[in-house]
Structures are given as C-alpha cells and as structure tokens.
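Report on the following structure.
The values are calculated or read from the model by the stated rules, or taken from the named source; none is laboratory data. Please read these numbers as outputs of a predicted model, since none were measured by experiment. Neighbour counts are summed over all protein chains in view; Cβ atoms, including those assigned to glycine, are modelled from backbone coordinates with ideal geometry.
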C-alpha cells in the first residue's frame, strides 16, 4: 500500500471515529439540556399557576392562557402538594407532519397516530373548597428535533472536511514525496557495472536532501569498491599467470635436454602438472569471484539443446575412453538468455562432472523436460551430504579434479536466477538445473 | 624469418625467443611498448607476438598502430586475460590469433607456423616432412603419393608433430593443443596413447618411416 493511501486510511478512520463520538456526545448533551430546561420551565409554570390561583384567579382562566396543554380534573383528595414531574407519551392522531397547533385543534378524525415524548407536571390545588388536579404537558420532541438537525449539520460539515483533507493529502503527498519516488526509481535502475552514481533528487525538504545525499554517497562507495575488486581480480590474474608461464616454459625447455635422465624427466613433468593445476585453480577462482561481483553482462539467446550437442562431440573421446553409454531424451528445447562463454562453461562443467565421476562402462543420461535440464551419471553411493557437492574444492576422490566445477556451475545458475539440485537414485547421480522459476536476483 | 616478441616479462620473452630460434627463426625481443615501436620502424617482421599488458602501453593500441601503418606482419596475442571479450577486442583490432598464458612453447610454435603458412605461402599450402605430405588447404595427407584417411584428431596430431619436429612434446601439451582442454579436465594418457597409436599405424602401413618416438615419462618426439 502506498504511503499516501496508508496515511489517508489512518486519517479517515481516526476522523470518522472522532466525528461519530463527537456527534453522539453532542446529541446527548443537547438532549439532556433540553430536558432539563423543560423541567425547569414546567416547574416554573406550576409555580405561577399555583400562585395565581392563590391570588384568586379563576381556574377557568388558565385553560386559555397557558401555552402548553393544560388539564384540570376535579378530584376528591389532594395527593400531590408539591408538583410531580414525569415522562409521558402523548398519543395524538395527525396527518404527516403537521404543526402542533393544528393537531391540538383537530382532535378527531385523523388516520395516523403519532406519539410524542413529553414531560408532564402534576399538582393538586384547592379552590373554593373544591379540589382540582392540574396537569401541564410539554412536548419536547420538536426541541430534540432541533438537536438532531444541529448534529446532522455538524456531521455533514465534518464529512465534507474529511473528503477535502483526503483530496489535499493525495495531491500534496504525491508532490511532497516526489523526490523520494524519484530516488526509489534511481536506486532500482542503479547498476554498479555502469559506474554511474545516483544523483540526489532536487528538493528543499531537509530530510530528503539528507537521504538523497546518503544514497548518492553509498552508490559512490559501491562503485569504488567494485572497481577496486575488479582491478584486483584483473591484476591477480595477470600477475600470477605470467610467472606460471615462465615456469612452464623453463620446464619445457629442460625437457628438450638430451642428457635428461628418466627420473628427472618424470620430476619435471610432475612439476609442470602442478603448475597447470595452480593455473587452473587461479582461473576457476577468478571466474567465481567475477560471478560474485556480477561482472557479466550482454547475455544472448542460447539454445541449450544445440549447445549440448556441440559439446558432446567435443567430449566424445573422453566418453569413448571410459566406454560410457550416452542417452538423450528431450521433450522440449530449452532456450535461455546467458552470456555465451558462461553457458559453455556451464555445460562443459556439467558434462565433465558426469564423465569424470563416472565408472568404466557407466551411463550418462541427459534429459530436457519442462525446461529442466538433468544430467545423470552412474557412480557409487555418495558418502557426503549432497549440499557439499557444490562446495569449493570438494572432491570425493583425491587428485582427480580440482573440485571447482560444480561450484562454478551453481554460481552461474544462481547468477541468472535459476535453481539447481542434486539427487542420487538407482545408482545414478543426477544434477538438475531448473530454468523455469526465475528467482529475482538481488 | 623474423619474429618480434613484445613481452614485458623478460624471462618469458627470452624463453620464447630461445625455443623459436631452434626452428630457424630470427627472434627479436622488445620489453616495452616504445621499444616495440622503435623495432617496427627499423625492421620488418613476419610475425609479431604481443602481450596485452605492457608497462608503458596496451597491446591493443600496438595492434592498432601496426594496422594503421599498414605493416603486413602476422600478429599473435599472448595474454593472461582469458576472456571472450578480450579475444574479440584483440581480433577486431587486427590480431590473427590469440593464445592464453600459460601456453606451451610447442603450441606457440605450431600457431606461429600455421600463421606463416596462411600469410606467406598463399597457394603453397603443402607441408612436407620426409615421406609425409600434408595439404593444409584440402586437409589431405599423402604418404609416398598415396592418400591416407585420418580422423580430424589424428590430422591435428600429425600437424602438431610436424610443426614441432625434433622437439620433445609433453602429453599435456598435446592434450592442450589437440583436445583444446581447459579448466581441470585432463586428457588421460590412454586417450592420447590410443590416437598416437592409430596415427602411427596408419602412417607406417602406408609405407612411411616411423617418425614418432615415445619419450619415457614425458611424451613423444617426432624426428628422423
């Protein structure tokens, strides 16, 4: 979820919550207030009526002079000396929303019945030796209606404000955060190989200036680190290879000496073999470090099935020498994007592994199925855990190989975001490379 | 024939010069880029061997200089950098061949000979050695005027032997040159043995003298 929407969501939720709580409290506060006032009003009216009666004003007079509904009922005994206030529901028949005055006048003949929440005050008086009960009723519904409308107006204004705030947020946020979005885009596009550092986005927000500068500095550091590692790799390749070449050529010239004894010749050849081994280790490690440093670009489209065919021809002498039976099964052609030299190294190392670790008269099975390339070879049951097969310098039989081949294979496979697995079944070692799932390289 | 060796590693340059001198080449060594420029202005060379990383310049620039000056020498790059990109760069600049260090001197010699054949014996692509005649254009081998059929590996093996005639050649050098082995896969002695045996048999059956000698513990020697 984008930051702006997250912000809006939180803002909206909180605002709506506050709006509802506020509205609710306001409504009850007003309602309470109105009720109180009504009670005060009625008490005061009762007091006035009582007072006037005491002064000798005729009871009949009040029937017409009090605004609220007044009833005078003759009673036997006085019950309420002090006024009693209670809630009553007044049932009146009315037609839709009519005014109270009309309702009062048209008492009969109406179809709809309406109830009004009202307050009633009751008190008993004595005049001319007759006891009367006076009841005054005041409807408070219309007052509460006012409270409702007031609340509604405030609620609607609140909602409008919320909508405006959301809109402002969307626009202002996008504008305010545009340097950050620009920076994210730049970081995504950043590639250390291009040796181009990230430029901080133009902004006058202090935090974003700091962020941009830090990211820019980091990218600069990455580039310089990358360059020095790259330089080191190149130097070491060159600096080690040349002395090795010198040693080898010295040995080769020694071998031309006609006075050389057989023992000396064997010693020299052994030395030469070790030099070659050193050279191959250097080469393998250089390749691994270049893969680690992501120094390969420019992939091209490669048909693995065709490549395998070519390389099998190349290895045919080795296959014949061990009298291996080669079987191939293909249900689909695997086409991938890879740097040419790496694809060749990949296939060569896989084939080499299958030949070198095979037994005399063994089998090699190569299958391509559902974009998975599997190369199997006969062999004894593995002694180590399968994960170790891809470790550097892991070799089951001493002196047979350097043990770099499969770790190079794994690195290349992972470099392009594919996956590799090892499995031993029916006396067959199988290495499967899955070219399906493209894991995002980080 | 004159060969210019441009290589900053003095010892390596001398080794190369000594080995090639045995095949009647007149070798001249330049350890620096500027030395190479001086030599080029004074003399003409059939072949120029160039190391890419020189103390005072880059081999690629030297190749471009040679091409600009329209010097017709054949160029072989000797480089410690074994990368396809670098190969392509060197060949694009005008190099004829590319050899990765460390190389076998016998391999370098074979490449030099092949390049000289291509550059200076146009029309004359036949190499002769005693009873054997190899037509490199048609990839045909004749023994005493009779044609013999060789597999491609046997053919390459024969060419390699003839190029380095008189020299002891290690099995490793043969494996490197004929099977183009790289990385850590050794060509087993049996494979080489089988191919040499077959080649020898074909040559001798056709009436050739047996030139291939086994050298104990090392490899082979092709000699009269």
*Please work out if residue A:239 is facing chain B (nearest Cβ under 9 Å), within 30 Å of residue B:85 (Cβ to Cβ) and in a helix (DSSP H, G or I).*
yes
*For residue A:312, state whether it is more than 22 Å from residue A:435 (Cα to Cα), more than 8 Å from chain B (Cβ to nearest Cβ), in contact with a strand residue (DSSP E or B) (Cβ under 9 Å, 6 or more places away or on another chain) and touching a residue at least 12 places away in the same chain (Cβ under 8 Å).*
no
*Of the criteria (1) farther than 29 Å from residue A:277 by Cβ; (2) away from every other protein chain (no Cβ under 13 Å), which one residue B:161 fails*: (1)
*If you take the residues in the stretch A:244-258 that are in contact with a strand residue (DSSP E or B) (Cβ under 9 Å, 6 or more places away or on another chain), in a helix (DSSP H, G or I) and at the interface with chain B (Cβ under 7 Å from one of its Cβ atoms), which one is farthest from residue A:277 (Cα to Cα)?*
A:252
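Residue-by-condition table, conditions (1) assigned by TED's automatic domain parsing to the domain that holds residue A:19; (2) touching a residue at least 40 places away in the same chain (Cβ under 8 Å); (3) outside any loop (DSSP other than H, G, I, E, B):
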| residue | (1), (2), (3) |
| --- | --- |
| A:159 | yes, yes, yes |
| A:164 | yes, no, yes |
| A:183 | no, no, yes |
| A:188 | no, no, yes |
| A:214 | no, no, yes |
| A:220 | no, no, yes |
*Among the numbered criteria (1) in contact with a strand residue (DSSP E or B) (Cβ under 8 Å, 6 or more places away or on another chain); (2) not in a strand (DSSP E or B), which single criterion is violated by residue B:177?*
(1)
*Only listed residue being in contact with a helix residue (DSSP H, G or I) (Cβ under 8 Å, 6 or more places away or on another chain) and within 12 Å of chain B (Cβ to nearest Cβ), chosen from A:291, A:307, A:342*: A:342
_Residue list for the stretch B:180-194, restricted to those being modelled with pLDDT of 65 or more, facing chain A (nearest Cβ under 7 Å) and part of a loop (DSSP other than H, G, I, E, B)_ = B:188
*Where residues in the stretch B:92-101 are under 20 Å from residue A:234 (Cβ atoms) and in contact with a strand residue (DSSP E or B) (Cβ under 7 Å, 6 or more places away or on another chain), which of them is nearest to the other protein chains (Cβ to nearest Cβ)?*
B:101
*Could you tell me which residue of the stretch A:259-280 is surrounded by the most Cβ atoms within 10 Å (Cβ to Cβ), considering only residues that are more than 9 Å from chain B (Cβ to nearest Cβ) and part of a loop (DSSP other than H, G, I, E, B)?*
A:261
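Looking at the stretch B:59-67, is at least one residue under 27 Å from residue A:300 (Cβ atoms) and surrounded by fewer than 20 Cβ atoms within 10 Å (Cβ to Cβ)?
Yes.
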*For residue B:151, which of the numbered conditions (1) surrounded by fewer than 18 Cβ atoms within 10 Å (Cβ to Cβ); (2) in contact with a helix residue (DSSP H, G or I) (Cβ under 9 Å, 6 or more places away or on another chain); (3) within 14 Å of chain A (Cβ to nearest Cβ); (4) under 24 Å from residue A:340 (Cβ atoms) fails to hold?*
(4)
*Is there a residue being within 27 Å of residue B:151 (Cα to Cα), at pLDDT 90 or above and outside any strand (DSSP E or B) anywhere in the stretch A:361-372?*
yes
*asked:* For the stretch B:41-85, give me each residue that is away from chain A (no Cβ under 14 Å), more than 18 Å from residue B:116 (Cα to Cα) and in contact (Cβ under 8 Å) with a residue 12 or more places away in the chain.
replied: B:56, B:57, B:60, B:61, B:62, B:64, B:65, B:69
_Whichever residue in the stretch A:373-394 is crowded, with 18+ Cβ neighbours inside 10 Å and modelled with pLDDT under 90 and, among such residues, is nearest to residue A:287 (Cα to Cα)_ = A:390
_Residues within the stretch A:355-380 that are without any contact (Cβ under 8 Å) to a residue 40 or more places away in the chain and either touching a strand residue (DSSP E or B) at 6+ places or on another chain (Cβ under 6 Å) or more than 18 Å from residue A:426 (Cβ to Cβ) (or both), tallied_ = 4
*So, in the stretch B:111-144, of the ones that are in contact with a helix residue (DSSP H, G or I) (Cβ under 8 Å, 6 or more places away or on another chain) and within 14 Å of residue B:74 (Cα to Cα), which residue ends up surrounded by the most Cβ atoms within 10 Å (Cβ to Cβ)?*
B:112
*Does the stretch B:172-188 include one or more residues that are within 16 Å of the chain's Cα centre (by Cα) and closer than 19 Å to residue A:257 by Cβ?*
yes
*Scan the stretch B:1-12 residue by residue and report those that are surrounded by 22 or more Cβ atoms within 10 Å (Cβ to Cβ) and assigned to a helix (DSSP H, G or I).*
B:12
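What is the residue count in the stretch B:1-18 for residues that are within 14 Å of another protein chain (Cβ to nearest Cβ) and in contact with a strand residue (DSSP E or B) (Cβ under 9 Å, 6 or more places away or on another chain)? Spell out how you get there, then give the answer.
Step one: of the stretch B:1-18, the residues within 14 Å of another protein chain (Cβ to nearest Cβ) are B:5-18.
Narrowing further to those that are in contact with a strand residue (DSSP E or B) (Cβ under 9 Å, 6 or more places away or on another chain): B:5-10, B:12-14, B:16-18.
Of the residues in that region, 12 qualify.
Quick check: anything in the stretch A:63-75 loosely packed, with under 10 Cβ neighbours inside 10 Å and either at pLDDT below 70 or under 26 Å from residue A:30 (Cβ atoms) (or both)? Give the steps one after another, and end with the answer.
Pass one, the stretch A:63-75, residues loosely packed, with under 10 Cβ neighbours inside 10 Å: A:64, A:67, A:74.
If we keep only those that are either at pLDDT below 70 or under 26 Å from residue A:30 (Cβ atoms) (or both) as well, we get A:64, A:67.
Checked the stretch A:63-75: at least one residue is loosely packed, with under 10 Cβ neighbours inside 10 Å and either at pLDDT below 70 or under 26 Å from residue A:30 (Cβ atoms) (or both).
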